[in-house]
Every structure is written in structure tokens, then in C-alpha cells.
Amino acid sequence: MNSASGAAIPSEEETKSKHHGKNPAGELGDFTTTWRVVPICVMAFFIGLVGTASAWVLLRLIGLVTNLFFYQRWDFAMTSPAHNQLGWLVILAPIIGGLIVGFMARYGSDKIRGHGIPEAIESILMSGSRVEPKLAILKPISAAIAIGSGGPFGAEGPIIMTGGAFGSLIAQFFHLTSAERKTLLVAGACAGMSATFAAPLSSTLLGIELLLFEWKPRSAVPVAIAALTAGVCRRYVLGMGPLFPVPAHAAFIGVDGVLGCVLAGILGAIVAGILSRAIYAVEDGFTKLPIHWMWWPAMGAVVVGVGGYIFPPALGVGYDVIGRLLQGNVPLYLIVGVLCVKSVVWVASLGSGTSGGVLAPLLMMGAALGAVESMFLPQYGLGFWELVSMGAVLSGTIGAPLTAAVFAVELTHDINMVLPLTVTCFVAYLVTVLTMKRSILTEKIARRGYHLSREYAVDPLEILFVKEVMRTNLVALPATDTLTSVRELMVRRNGARGQDIYPVVDKDRRLVGVINRDLLQKVLSESSPAEMNRTVAEIASKSPVIAYPEEPLRVVVYRMVESGLTRFPVVDPWDHRKLLGIISLEHLLQARSRNLTEERARERVLRIRFPLGGESKQKLPV
């Protein structure tokens with residue numbers, strides 16, 4: 001057991017001077033954010049500029065590689081590979097791209113493999129938000145090659161990882177905590193997404209729902225600043241949104257429309273579950289192959305090439321296809337091609353471990369699902385169900401309903417879709433959390449031996465106070481008593497069972513120090529008869545760490561961590577020598593136990609009574 005040590009108990013004059021009659025616990029606020037957040041916000045602003053530049057560079061690289069592979073011309077403009085004239089040779093383009101990406105991953109950094117967001121999460125949780133400098137270069141180049149050579153991916157995953165890498169690199173040049181590095185990494189990631197999609201609000205929500213693992217002003221504000229900065233800068237380098245203009249939709253859809261949104265949410269969640277399981281089934285299949293993973297992207301690219309030969313719109317990012325689907329009235333072959341071919345080549349390619357994003361393909365497949373739904377659900381305008389299902393599939397796949405709903409609105413600027421999208425996204429989210437243990441973003445982390453919880457709640461230690469759990473029935477030792485008297489007291493009190501520190505008090509029962517139980521027993525057993533005449537005050541610690549009754553238990557936990565002690569005397573906040581009780585680690589566990597009881601114990605609070613004739617009354621169960 002630890003001996004008591006720490007800051008000395010202040011005198012009455014010092015206490016009054018410090019607090020001026022105020023309760024220290026009353027000075028606690030709703031937030032713990034300090035002025036330290038201001039320089040972090042300034043850094044986030046510059047990271048927003050860097051994120052915008054990163055997005056611009058990546059999109060131009062994708063355009064260049066696409067033009068080189070499919071049109072043999074030097075041009076940085078974004079273009080679709082679907083209109084190429086290569087014939088059967090189109091099959092070779094993704095294979096060549098896969099070979100290059102596999103080589104870069106093996107001899108450059110294997111962190112470029114995957115779709116970006118899981119890698120960003122892993123950097124945050126397992127690497128102290130430290131990203132290798134070379135990743136900021138290799139990730140966008142590998143993604144540009146993978147996507148530009150026909151890979152059926154979006155640019156958002158790689159730009160999230162690239163922006164996050166630059167944010168982390170900037171943070172590593174300064175003396176920052178791991179939490180501050182995490183904030184700047186996420187700021188860079190969200191800035192890249194904001195610049196790519198002209199969606200600053202949903203990019204901020206993505207950071208909060210998926211990457212920050214907290215909801216605090218110290219992190220949310222800098223991330224928002226970076227995303228908003230990128231959203232403003234995009235206007236000058238990439239143009240204004242919306243990325244996918246849609247026809248106007250009705251402001252009210254009625255009960256039938258809401259029920260249709262519920263159905264669309266369920267179907268979207270089913271599609272999301274199928275896609276998630278299919279990707280990791282393919283990945284499991286690749287791990288069983290007796291060849292090095294460097295060759296896997298090229299093998300997956302064979303499927304991409306064949307699929308692109310059969311259905312050319314399956315190649316590349318596919319923003320043009322998403323736009324056509326959201327306009328409504330697309331030909332049946334396009335719907336079937338997206339659902340059957342695009343989904344297969346995306347699953348095969350992503351499962352092979354190449355570099356590419358998931359958001360754009362999910363948007364495309366969700367819109368195609370909505371096109372099918374529009375054939376039998378009530379009509380509320382062209383592209384209505386395509387947009388609704390786009391949000392549903394995205395929400396069900398990544399497990400972030402707010403991000404999905406707001407993202408769909410920002411991509412289209414159709415504010416009338418807020419209600420339908422919110423209904424659909426949360427229904428898909430509910431079905432997903434009830435039927436799947438993990439999302440497509442966290443499954444990879446779980447497969448590496450880590451567990452990641454996506455549920456956040458107020459810590460019960462935040463709302464329980466010391467006075468609710470402290471021990472008030474305790475043994476205090478008079479400072480003037482000799483060790484001989486203390487030994488007799490311990491025999492009479494059976495060692496004051498359950499008490500591990502003993503407050504030492506003066507004749508007025510005011511605290512002068514504490515003594516640890518183990519130390520006291522050692523002194524009593526090892527002292528000579530002459531030494532037993534020493535007083536308790538001589539061996540007690542005069543500078544114990546203390547707690548106040550009105551303090552939240554979280555504050556006490558932090559104090560235990562900082563001091564290395566697990567037991568404190570509890571004193572009056574206005575008079576630090578007035579002893580009120582003792583709090584220990586065991587009492588904190590009791591607080592956790594109370595929280596579990598509140599979570600699990602079920603009870604009926606109200607009952608209904610029916611009078612039955614005259615004065616007779618009988619209680620009937622409900």
C-alpha cells in the first residue's frame with residue numbers, strides 16, 4: 001500500500017485567502033478546455049490550407065494518371081476512363097496499376113494499403129497520432145495510380161489519410177501532447193475531405209463520429225476550423241459545390257414517404273452488411289494464398305479489368321455515374337451494371353489490399369439501389385429514392401448516421417431532403433448495430449488484435465461526487481497517543497477492518513496528517529520498547545494529498561494517477577483541517593457498480609389504481 005504524500009495541508013489563513021469563502025467544487029465548469037486550444041486552432045487553420053492543397057494535388061494526379069493510362073495524353077483534368085478506346089487492352093491497365101501499388105507498398109510503406117480511414121484510426125489509437133513522413137508522399141501517389149489506372153475507388157479515403165499525415169507531420173515539429181497531435185491529424189484528414197467534396201460540415205462530423213473518439217471543444221473546434229478553411233479555399237482552387245446537383249424535391253413527403261424511407265433504410269443496411277462481409281471474405285481468401293501480399297493488388301486488378309471491359313462505367317471514381325443516377329430515369333443497364341459489376345470489382349480490388357477510398361463507391365451503389373426502389377415506392381421527384389438510399393448505404397456501412405445524412409445534403413444542396421435522409425440514415429444505423437459487431441472501418445483494426453468501441457457516454461465518475469461514496473465511519477488516531485496506546489486500540493478495533501489509512505488528529509479533532517496501515521503495522525511490530533513511547537504524530541505524514549466532498553470522482557481519479565496514491569482523507573473545502581471522511585479506490589469501484597445497477601436493474605415506478613365500487617379499491621397490475 002502506498003504511503004500518504006503530496007501537497008502539505010494549508011493553514012486556515014491560507015485556505016481563506018485562496019478561496020475567499022467559495023467552495024472549490026463550485027468553480028468547476030461544464031468544459032475543461034483551456035487557452036491552450038487557441039494556438040492549436042491557429043495551427044489547424046494552416047493545416048486547412050495544406051489539406052486543400054493536398055486534395056488539389058491528389059485530384060490532379062488522378063486526372064493525369066487516368067489520361068495517361070486510358071487516353072495516352074498528358075492532361076491533369078479529371079476524366080472518366082469509361083470512354084476509352086482500348087478494347088480488350090483495358091484489362092491490362094488496372095493490372096499494371098496494381099503491380100506498381102504492390103511494389104510501392106512492399107518497398108515503400110505497407111501503410112499505403114487500404115482505404116485510408118482505418119489506417120488513420122490506427123495511427124490515432126496505436127501510434128500516438130504519429131505518421132511517417134514518407135506516407136504523406138507515398139499515399140497520394142499510390143492512390144492516384146490505383147484510381148487512375150481504373151481502380152473502382154473514391155479519392156476521399158486516400159485524401160483523408162494524406163491530409164491526416166500532413167496534420168500529424170506539422171504537429172510533430174512542435175512540443176505537443178498525443179491528444180493535441182490527434183486533433184491536428186484529424187484536422188488535416190477532415191480538411192482534405194472538405195476540399196474534395198465541398199462538404200465542411202459533414203467532414204467535421206466525420207472527424208467527431210469516427211476519428212476523434214471524444215466530443216470536446218479542445219478537439220472539435222480546431223477540426224471545424226480546418227474543415228471550414230478548406231471549404232472556403234476550395235472555391236478558389238476546385239470551384240463551388242454542389243458536387244451532385246439534383247432536381248428539386250418536395251418539402252413534405254407524408255406518412256407514406258416516411259414509411260418508404262424506413263424501408264429504404266432497412267434495405268440500405270442489408271446492402272451495407274453484404275458489402276462489408278464480402279470485402280473481408282475476399283481479404284481472408286487472399287491471406288490463404290501461398291504468395292506474397294505484394295502481388296495481391298495485381299490479382300484483384302484482374303477482376304477490375306474484366307469488369308471494366310464488360311461495363312466501362314465500373315472503372316475509376318465514377319462521380320459522373322453518381323451524378324447521372326441522382327438525376328433519375330437512367331437506363332436499366334446502368335443500374336444493373338453498378339449493382340452487379342461495380343460492386344464485384346470494388347469488393348475484389350479493395351479486399352486485395354490496394355489503395356483507394358470507400359465513400360464514392362458506396363454512394364454509387366446506394367444510388368443504384370435507390371433507382372431500383374423508385375420502381376415500386378411512391379414518387380416524390382426524380383432522384384429522390386436514389387439520394388435517400390445513397391445516405392442509407394453510407395450510414396449502414398460506416399456507422400455514422402449524422403455524417404451520412406449531412407454529407408448527402410451537402411453534396412446536393414437539397415435542404416428539403418433533411419427529414420427523409422435523417423429517417424433513412426438512422427434506420428440503417430439501427431439495423432447495422434443490431435446485426436453487425438463492427439463496421440467496414442473497424443473490422444480491419446479488430447483483425448489486428450485491437451478492440452474499438454464506437455459508443456460514447458458521460459463517464460459516471462463525472463456526475464458522482466466524493467460525498468456520495470466516501471467512508472465516514474472511521475478510526476482516527478490522536479496525534480499525542482503513543483504507539484503503545486495505538487497497539488491497544490488496534491486490538492480492540494480488530495485493526496479497524498477495511499480502513500487502510502488512519503487520519504491523525506489533534507485534541508480538537510482537526511487533521512494534522514495521515515499514516516498508512518502497512519507502515520503503522522510495520523512500526524508496531526519492529527519498534528523496541530523504548531521506541532513504542534513515540535507519539536503517532538512523529539511517524540505520520542504531515543503532507544497528505546486531500547479530497548473535497550463536492551469534487552467529482554473523475555477529479556479524484558486523476559489525482560490518484562498523478563500522485564500514485566489510492567486513498568485520501570476528505571476535508572472541508574473551507575477548512576482543510578476539518579476531517580469529513582476517507583475516499584479510496586474501492587469507493588470508486590462502488591460508484592461503477594452503482595452505474596451498472598442503473599443500466600441493468602428494471603423497475604416499475606408508476607402504478608395505476610382503479611376504484612371498484614363504493615369505498616372498495618383494488619390495485620390491479622398493469
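Within the option set Ser276, Ser219, being among the hydroxyl-bearing types (Ser, Thr, Tyr) and assigned by TED's automatic domain parsing to the domain that holds Pro378 holds for one residue only, Ser276. Of note, Phe197 does not satisfy the criterion of being at pLDDT below 85 and either in the same structural domain as Gly51 (by TED's automatic domain parsing) or buried (at least 20 other Cβ atoms within 10 Å of the Cβ) (or both). If the condition is being closer than 21 Å to Asp518 by Cβ, of a type in the set (Gly, Ala, Ser) and surrounded by fewer than 21 Cβ atoms within 10 Å (Cβ to Cβ), then the stretch 546-605 contributes Ser563, Gly564, Gly581.
In the set (1) touching an Asp or Glu at 6+ places or on another chain (Cβ under 8 Å); (2) hydrophobic (A, V, I, L, M, F, W, C); (3) at pLDDT 90 or above, Val42 fails one condition alone, (1). Taking first residues from the stretch 557-578 that are basic (Lys, Arg) and partners that are part of a loop (DSSP other than H, G, I, E, B) and surrounded by 16 or more Cβ atoms within 10 Å (Cβ to Cβ), the Cβ contacts under 7 Å between residues at least 6 apart in sequence or on separate chains come to Arg559/Val545; Arg567/Asp500; Arg577/Ile9.
Yes/no matrix, rows are residues, columns are (1) surrounded by 24 or more Cβ atoms within 10 Å (Cβ to Cβ); (2) within 18 Å of the chain's Cα centre (by Cα); (3) among the β-branched types (Val, Ile, Thr); (4) modelled with pLDDT of 90 or more:
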{"residue": "Leu377", "(1), (2), (3), (4)": "no, no, no, yes"}
{"residue": "Ala392", "(1), (2), (3), (4)": "yes, no, no, yes"}
{"residue": "Thr422", "(1), (2), (3), (4)": "no, no, yes, yes"}
{"residue": "Pro460", "(1), (2), (3), (4)": "no, no, no, no"}
{"residue": "Ile463", "(1), (2), (3), (4)": "no, no, yes, no"}
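Every listed requirement among (1) modelled with pLDDT of 90 or more; (2) surrounded by fewer than 21 Cβ atoms within 10 Å (Cβ to Cβ); (3) not hydrophobic (A, V, I, L, M, F, W, C) is met by Pro297 save one, (2). Restricting Phe103, Phe76 to residues that are farther than 16 Å from Met161 by Cα and touching a helix residue (DSSP H, G or I) at 6+ places or on another chain (Cβ under 6 Å) narrows the list to Phe76.
Conditions (1) outside the structural domain of Leu579 (by TED's automatic domain parsing); (2) surrounded by 13 or more Cβ atoms within 10 Å (Cβ to Cβ); (3) at pLDDT 80 or above, marked per residue:
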residue: Val466; (1), (2), (3): no, yes, yes
residue: Arg471; (1), (2), (3): no, yes, yes
residue: Thr484; (1), (2), (3): no, yes, yes
residue: Gln499; (1), (2), (3): no, yes, no
residue: Arg509; (1), (2), (3): no, no, yes
residue: Leu520; (1), (2), (3): no, yes, yes
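Of the numbered conditions (1) crowded, with 22+ Cβ neighbours inside 10 Å; (2) closer than 17 Å to Val344 by Cβ, Gly260 satisfies every one except a single condition; which is it? With respect to (1) crowded, with 22+ Cβ neighbours inside 10 Å; (2) closer than 17 Å to Val344 by Cβ, Gly260 is out only on (2). Based on what the data block shows, is Gly305 in contact with a Pro (Cβ under 6 Å, 6 or more places away or on another chain), outside any helix (DSSP H, G or I), assigned by TED's automatic domain parsing to the domain that holds Trp385 and not aromatic (Phe, Trp, Tyr)? No; evaluated as a whole, the condition is false for this residue.
For the stretch 145-170, a tally of residues being in a helix (DSSP H, G or I) and closer than 17 Å to Ala82 by Cα returns 4. Of all residues in the stretch 139-175, those satisfying the criterion of being under 25 Å from the mean Cα position of the chain (by Cα), surrounded by fewer than 24 Cβ atoms within 10 Å (Cβ to Cβ) and not aromatic (Phe, Trp, Tyr) are Leu169, Ile170, Gln172, His175.
Across the stretch 166-191, the number of residues qualifying as among the aliphatic types (A, V, I, L, M) and in contact with a Ser or Thr (Cβ under 6 Å, 6 or more places away or on another chain) comes to 1.
The values are calculated or read from the model by the stated rules, or taken from the named source; none is laboratory data. Keep in mind that this is a model prediction, so the values were computed, not measured. Reconstructed Cβ throughout: ideal geometry from the backbone, glycine too, with neighbour counts over all protein chains shown.
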